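Here is the structure we will look at, set down as structure tokens.
The values are calculated or read from the model by the stated rules, or taken from the named source; none is laboratory data. Keep in mind that this is a model prediction, so the values were computed, not measured. Virtual Cβ from ideal backbone geometry, glycine too; neighbours counted across all protein chains shown. With ligands, DNA and RNA removed, areas are computed over all heavy atoms of the protein, side chains included. Shrake-Rupley method; radii C 1.70, N 1.55, O 1.52, S 1.80 Å.
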Amino acid sequence: MRLDGKVVIVTGAARGLGQRYAVRLAAEGARVVAADRLDCAGTVAQIQAAGREALAVAVDVADEASTAALAHTTAERFGRIDVLVNNAALYGGLEPKPFHQLTVAEWDQVMAVNVRGTWLCTRAVYPYMARAGGGRIINIASTIYMTGVPLLAHYTASKAAVAGLTYALARELGAANISVVAVAPGLTLTEASTGMIRPRYIEATAQQTALRRNVEPDDLEGVVAFLASDDSRFICGAVVTVDGGLAFH
Ligand SMILES: NC(=O)c1ccc[n+]([C@@H]2O[C@H](COP(=O)([O-])OP(=O)(O)OC[C@H]3O[C@@H](n4cnc5c(N)ncnc54)[C@H](O)[C@@H]3O)[C@@H](O)[C@H]2O)c1
């Protein structure tokens, strides 16, 4: 299997897309650390039921000490860290509202989790990857920052920042043989999306894509598995859009 022997951390792995990535990466041979501020027992149970190895770790990605503990626990249990999927974000449960009605607290919270969290998790795993001779960071951005969706200004800006961080860190970490990439999904039919976005808007977005449908979680899992594998070893600094042709990037 193409991820045999690899140790992968997936943040935000308790539900939604993070859970799907964790299960798929394990199915491709990786030993997976499922990390979230929510309980990842369900994710780990799915992986173990398929005969693979996984560990649940509680983490708040916005908290420095918590991210350091995540990297330490992973290395202690599995001896190495090969891949980090920075998937955790404040997305599900956000209340769409005009930019001038967002509170400073709402703005700061989204930035703290989505941007600072991506930076902190990367910073926490970096020494382990560097010591081992390399690694792969997969950030989860969104095509939302390319298309400019209204009523989610803080979230949209945070995903643009994730792309910027991807470019900056690709340059900085490349010398340590750590390649940093991002995946930018289009509107994906997870519970987080359908709970937040009106059906009329979801359908209109589908019609704007070249392939005339929104993203299904299945469309993303294989891309993340490919980016975690050696097959993609010379992709670095890329933001890979997976949106059926919504934003051409
Ligand atoms: N669903 C979409 O349409 C879509 C599109 C583009 C990008 N994305 C991105 O994909 C990722 C997953 O999306 P989803 O639809 O599964 O959303 P989701 O809200 O269901 O999942 C986010 C996960 O992150 C976790 N999380 C939040 N704050 C955290 C923190 N401080 N520390 C640790 N974990 C934390 C949540 O508990 C949750 O499990 C997110 O990065 C999202 O921005 C989603």
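A few remarks follow.
- Contacts under 8 angstrom Cβ, first residue in the stretch 225-238 being under 21 Å from Ala161 (Cβ atoms), partner part of a loop (DSSP other than H, G, I, E, B), 6 or more apart: Leu227/Ile235
- Total residues in the stretch 6-35 satisfying the condition of being open to solvent by less than 10 Å² (accessible area, probe 1.4 Å), in a helix (DSSP H, G or I) and under 18 Å from Thr118 (Cα atoms): the figure is 3.
- Residue in the stretch 36-59 that is within 8 Å of the ligand (Cβ to nearest atom), part of a strand (DSSP E or B) and surrounded by 15 or more Cβ atoms within 10 Å (Cβ to Cβ) present: yes
- Flag if Arg80 is open to solvent by 50 Å² or more (accessible area, probe 1.4 Å), touching a strand residue (DSSP E or B) at 6+ places or on another chain (Cβ under 6 Å) and in a loop (DSSP other than H, G, I, E, B): yes
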